């Protein structure tokens with residue numbers, strides 16, 4: 001399992017993903033769940049994945065090959081050449097549907113789950129930052145002002161802080177803090193989510209990755225937020241009135 005969170009803000013996009021993959025208690029590995037593509041000044045896109053790893057890696061490969069073919073001059077539509085972020089989400093959905101058609105029946109025949117979900121975020125010149133949640137069938141929904149973030153994987157532990165803090169007007173530094181707290185809460189409560197983490201930030205209007213960072217266990221920013229959040233929770237809990245039994 002994994003945990004990925006994407007925030008769509010007026011100020012841009014914040015994307016954070018863990019790297020743990022487990023196929024049983026004694027088979028735990030690290031695989032990056034985040035991929036990115038960019039044409040600086042024209043567009044930047046980030047994709048995060050959860051679910052069947054072979055399916056999601058196949059999706060990323062299909063998208064990357066299309067980008068390479070388009071760059072080589074072939075008449076191939078790719079997420080770096082399509083006319084809108086909506087069309088990019090359609091291309092991601094088509095790649096997902098193609099992988100599902102190819103492998104789902106064989107995976108299910110062996111008792112394996114083929115389901116996967118993706119979060120696509122990005123911006124192209126002339127458009128606003130957009131965030132999409134892509135399902136196994138290839139269909140998708142888009143983040144809105146009412147729901148400005150998406151989560152995939154083990155989302156329940158990290159959702160409360162996002163519900164309370166994140167709005168479209170949230171500035172990027174505050175959103176980063178909320179995303180770190182959301183991830184830290186998940187790491188502490190679920191062993192199937194683990195460090196290191198991958199972080200990507202796209203500022204509105206820049207059409208490039210403003211940050212692309214691997215966060216290890218000794219990362220000073222993440223450690224400081226984790227410690228401060230734990231201390232704040234303990235202090236707040238100590239101030240809650242006791243329940244007195246008669």
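The values are calculated or read from the model by the stated rules, or taken from the named source; none is laboratory data. Keep in mind it's a predicted model, so treat the numbers as computed, not measured. Cβ: placed from backbone, ideal geometry, glycine included. Neighbour counts: every protein chain shown.
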Within the range 203-246, residues in contact with a strand residue (DSSP E or B) (Cβ under 7 Å, 6 or more places away or on another chain) and closer than 30 Å to residue 125 by Cβ come out as 203, 204, 207, 208, 209, 210, 211, 212, 213, 214, 215
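Matching residues to (1) without any contact (Cβ under 8 Å) to a residue 40 or more places away in the chain; (2) crowded, with 20+ Cβ neighbours inside 10 Å; (3) in contact with a strand residue (DSSP E or B) (Cβ under 8 Å, 6 or more places away or on another chain):
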site: 8; (1), (2), (3): no, yes, yes
site: 14; (1), (2), (3): no, yes, yes
site: 29; (1), (2), (3): yes, no, yes
site: 32; (1), (2), (3): no, no, yes
site: 35; (1), (2), (3): yes, yes, yes
site: 45; (1), (2), (3): no, yes, yes
site: 52; (1), (2), (3): no, yes, yes
Looking only at the range 107-137, how many residues end up being in contact (Cβ under 8 Å) with a residue 60 or more places away in the chain and within 20 Å of the chain's Cα centre (by Cα)? 16
Please go through the range 115-137 and pick out each residue that is closer than 21 Å to residue 44 by Cα and outside any strand (DSSP E or B). 125, 126, 127, 128, 129
Going through the range 218-232 in order, the residues found to be in contact (Cβ under 8 Å) with a residue 40 or more places away in the chain and over 11 Å from residue 184 (Cα atoms) are 221
Quick check on residue 65: is it part of a helix (DSSP H, G or I), touching a helix residue (DSSP H, G or I) at 6+ places or on another chain (Cβ under 8 Å), under 24 Å from residue 208 (Cα atoms) and modelled with pLDDT of 95 or more? no
When the range 32-47 is checked residue by residue, the ones that are at pLDDT 95 or above and either assigned to a loop (DSSP other than H, G, I, E, B) or touching a helix residue (DSSP H, G or I) at 6+ places or on another chain (Cβ under 9 Å) (or both) are 32, 33, 35, 37, 41, 42, 43, 45, 47
Among (1) crowded, with 17+ Cβ neighbours inside 10 Å; (2) in contact with a strand residue (DSSP E or B) (Cβ under 7 Å, 6 or more places away or on another chain); (3) modelled with pLDDT under 95, residue 182 falls short only on (3)
So is residue 88 under 19 Å from residue 56 (Cα atoms) and either assigned to a helix (DSSP H, G or I) or in contact (Cβ under 8 Å) with a residue 40 or more places away in the chain (or both) or not? yes
Among helices (runs of 4 or more DSSP H) entirely within the range 143-246, at least 2 residues that are out of contact with any helix residue (DSSP H, G or I) (no Cβ under 9 Å at 6 or more places or on another chain) and farther than 19 Å from residue 20 by Cα occur in 172-189, 220-238
Which number in (1) in contact (Cβ under 8 Å) with a residue 60 or more places away in the chain; (2) surrounded by 20 or more Cβ atoms within 10 Å (Cβ to Cβ); (3) closer than 29 Å to residue 58 by Cα marks the one condition that residue 192 misses? (2)
Sort out which residues of the range 114-126 are out of contact with any helix residue (DSSP H, G or I) (no Cβ under 7 Å at 6 or more places or on another chain) and closer than 11 Å to residue 51 by Cβ, and write them in order of number. 115, 117
Those residues of the range 97-116 which are surrounded by fewer than 21 Cβ atoms within 10 Å (Cβ to Cβ) and either touching a strand residue (DSSP E or B) at 6+ places or on another chain (Cβ under 6 Å) or under 21 Å from residue 178 (Cβ atoms) (or both) amount to 115
Determine if the range 230-239 includes at least one residue that is over 20 Å from the mean Cα position of the chain (by Cα), under 24 Å from residue 11 (Cα atoms) and loosely packed, with under 13 Cβ neighbours inside 10 Å. no
